[in-house]
């Protein structure tokens, strides 16, 4: 018979995932040990293993939980029944607000999915693709002439390219708030969307949309220094 969970189990698990995300984001996944996570969370290693099996499982839980949160945001916006342009603006606003509250988790999602084992990696990437697909479908609804071609998915990835790397430079205590930048992203995107033309010879869309982890610009922005990666340790 399985041991029942304590009343504070979910709260403790959330604190562990947040602490692990902070360490993975600042030190690097490979350089972070389970001892580091236990110490950062004020737990014994034995207690930590009550919540996760190992470091692979810990990374899977951090990324899976963050993607599930993003999918819940999408579902909440879609349930409001907005017209395409207000719907996309609401998605941008919600995602920028989520990024402000989960910068470490988002950094782990964009950089450390490659360390996941095959099963959890597929699960996380499938969730990411559903998120991208929702953005692409909204863009296609705003521009129906793009609906049957891969242009809408490409535009969704360009949009994520604007949002996904704000964690490298946008600070909560800085001169610009995440809300203000969300408005800038919307205005920039909607200002340019009417000018987009279908490239000559663009095929009908057959590909699944890529994942959020690949929504990066042509040049990787400068990031805060991390501790040099060490061999992966458990």
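Step by step: first the residues of segment 172-200, then only those that are over 15 Å from residue 89 (Cβ atoms) and modelled with pLDDT of 85 or more, then the one that is surrounded by the fewest Cβ atoms within 10 Å (Cβ to Cβ). Which residue is that?
Looking at residues that are over 15 Å from residue 89 (Cβ atoms) and modelled with pLDDT of 85 or more, I get 175.
Kindly indicate which of 70, 78 is touching a helix residue (DSSP H, G or I) at 6+ places or on another chain (Cβ under 8 Å) and surrounded by fewer than 17 Cβ atoms within 10 Å (Cβ to Cβ).
78
Can residue 77 be described as modelled with pLDDT of 95 or more, over 21 Å from residue 184 (Cβ atoms) and in a helix (DSSP H, G or I)?
Here the answer is no, as residue 77 does not meet what is asked.
Does segment 106-115 contain any residue that is in contact (Cβ under 8 Å) with a residue 60 or more places away in the chain, under 30 Å from residue 53 (Cα atoms), in contact with a helix residue (DSSP H, G or I) (Cβ under 8 Å, 6 or more places away or on another chain) and assigned to a loop (DSSP other than H, G, I, E, B)?
For segment 106-115, residues in contact (Cβ under 8 Å) with a residue 60 or more places away in the chain, under 30 Å from residue 53 (Cα atoms), in contact with a helix residue (DSSP H, G or I) (Cβ under 8 Å, 6 or more places away or on another chain) and assigned to a loop (DSSP other than H, G, I, E, B): present.
Conditions (1) closer than 16 Å to residue 70 by Cα; (2) surrounded by fewer than 20 Cβ atoms within 10 Å (Cβ to Cβ), marked per residue:
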position	(1), (2)
123	yes, yes
131	yes, no
164	yes, no
170	no, yes
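Tell me the residue from 72, 39 that is part of a helix (DSSP H, G or I), under 26 Å from residue 177 (Cα atoms) and free of Cβ contacts under 8 Å to residues at least 12 places away in the same chain, please.
72 is the lone residue from the list that is part of a helix (DSSP H, G or I), under 26 Å from residue 177 (Cα atoms) and free of Cβ contacts under 8 Å to residues at least 12 places away in the same chain.
Can you say whether residue 136 is buried (at least 19 other Cβ atoms within 10 Å of the Cβ) and either touching a residue at least 40 places away in the same chain (Cβ under 8 Å) or over 16 Å from the mean Cα position of the chain (by Cα) (or both), as far as the supplied structure shows?
yes
Go through segment 86-103 and count every residue that is modelled with pLDDT under 95 and farther than 20 Å from residue 161 by Cβ.
1
The values are calculated or read from the model by the stated rules, or taken from the named source; none is laboratory data. These numbers come from a predicted model, not from an experiment. Ideal geometry is used to build each Cβ from the backbone, glycine not excepted, and the neighbour counts take in all protein chains shown.
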